[in-house]
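Q: The structure under discussion is supplied below as structure tokens; questions concerning it will follow.
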Amino acid sequence: MKRSELFFSAIQVPADFAMIVLGAISAFFIRENLEVTKFFNLQPLKFHNVHFEEYINIVFISVPFFLLIYALEGLYDIRATRKFWKETFKVFTATSIGLVIIIIAIFLKREWFSSRFIILAAWFIAVFYVVAARYILHRIQLWLLKSRGIGIHRVLLIGHNGKVKEISRMIRRNRNLGYRIVDIINTAQLKVIKQIKKEKGVDEVILCSSSIPDDELEKLIDFCAINNISYKFVPTTLQTSKYKIGVLGGEPIIEVLHTPLDGWGRITKRIFDIIFSVVLIILTFPIMLLVALLIKLEDRNGPIIYKNERIGAEGIKFFAYKFRYMKWEYSISKDNPNFEKAFEFEKKLITERSVRQGPLYKIKDDPRKTKVGRFIEKYSIDEFPQFFNVLFGSMSLIGPRPHQKREVEKYMEYHRRLLTIKPGVTGMAQVSGRSDLDFEDEYKLDLFYIENWSLTLDIQIIFKTIGVLLHRRKNNSN
């Protein structure tokens, strides 16, 4: 572990403490300001004989609880590589939890004070101050990393497959991660690794191969532990699964847990889907009306929304709703009288223009799209009607892509894991940041989601989806 990382992680604790206290003080003086009181039509501040000094004492007592929540949220991880917006989201979530605790405490102990404005203002200002301070510290850390090389991790990659090349490209493309590759080798023999450590220095070993013999692997792990070298490996599909340890007839057994989306997990996700789908339908309804009008103005022949048969959870067929973005004569819908002809034309386009590997296809420069269709597909507006699929229960807001029957028929047996949960409007693969994912890579991302689902992960994917759409808009405007 680098000393610089320890320093910046440690300094975040007093920095957060100071920012939360400063936020509470700012809220106090804003509340006391006469102009603010008049603007919000607030009653005179009543502290029930609690003066500013006593208010500060209450703040100092409360702040450690916020820091504890921050720690539980992982905000003091020594080597956190999450993006700034994720950091902001975690600060917002943790501070909100702390706010709820404070509100409960004040409700139980009313003699403190009863100003709702001061509580909400302190919450908002504290989030802003904490995020701002963390951003400044992060920029300083990045400056030291890039200009002075302070905090750089010297990485040795082991492997000879496509995965080692992919990780190598990712590290070289993302300098902010603080990694520098010292070498890439295809053996785990200690003689070779010791020589590299002696000549170039090694802080971290990343194993990208699953074909290393057990005896070599054991020696490698021991060597890393003895020399204080971090050891990581790229897992196989099984190794990313979660486990439950139990005892059967006196013998220890390990159960591989397929997904947290069972029991209460499934109930929680369904409630989340219903609430969010209703909200999204209300928010996007004016846009949907406008899109419906534009579709009809450009091509009056077909319906505004077309139904496309997809395979859902447990292999059950359902109709996914979408705004029609193709000329009706080419739409793959059984309501289209020219369905057979349109289907044959699509097969021809897949053969000639598909840029994806595996069961899924992606047609480059699809000539069937209308002008409106190109726009709404680019910004995923064509998928807005799927919020009704979510509300009715055939889809979820987050999940694997809903695939067609002909695509599912090309699955390998293990790909059918994707059919163990409901398909989603968006998901891990859609927000991965890569447009060139082949089906196998997409499967791995969706499998990670299935095996590691949480409500927090769903919320993160929603925010990331918004970010992806805004990024598309920015690129288009440039």
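Q: Which of the peptides 18-27, 186-195, 449-458 is most tightly packed, and how do the rest follow, going by the mean number of other Cβ atoms within 10 Å of each residue?
A: So the peptides 18-27, 186-195, 449-458, ranked by packing, come out 18-27, 449-458, 186-195.
Q: In nm, give the distance between the simple-model label positions of Glu344 and Gln189, each being 7 Å from the Cα along the Cα-to-Cβ direction.
A: 6.2 nm
Q: Once the piece of chain linking Glu309 and Ala132 is laid out straight, how much longer is it, given 0.36 nm per residue of separation minus the C-alpha distance between them?
A: 58.9 nm
Q: What do you get for Rg/Rh over the range 264-477 if you use C-alpha atoms and the Kirkwood form of Rh?
A: 0.94
Q: Let me ask something else. Any chance you could list P(r) for the range 153-234, counting all Cα-Cα pairs in 10 angstrom bins from zero, rounded to whole %?
A: Bin by bin from 0 Å, the calculated values are 18, 56, 24, 1.
Q: In the range 266-377, what is the volume of the convex hull around the alpha carbon atoms, normalised per residue and reported in Å³?
A: 134 Å³
Q: Let me ask something else about it. Can you list residues from other chains, or at least 5 along the same chain, whose modelled amide H is less than 5 Å from the amide H of Ile150?
A: Leu145
Q: If I model a spin label at Tyr379 and Arg169 as a point 7 Å from the Cα along the Cα→Cβ vector, what separation in nanometres do I get?
A: The answer from the label model is 3.0 nm.
Q: Express in % the proportion of alpha carbon pairs of the range 127-178 at distances exceeding 15 Å.
A: Numbers: 789 of 1326 pairs.
Value for the range 127-178 (Cα pairs over 15 Å): 60 percent.
Q: What nm value, rounded to one decimal, do you get for the distance between Tyr231 and Leu469 when each label is placed 7 Å out toward the C-beta?
A: The modelled label-to-label distance comes out at 4.6 nm.
Bear in mind these aren't lab numbers, they're just calculated from the coordinates by the rules spelled out. Everything quoted here is computed from the prediction, not taken from an experiment. In this analysis, Cβ positions are derived from the backbone assuming ideal geometry, glycine residues included, and neighbour counts consider all displayed protein chains.
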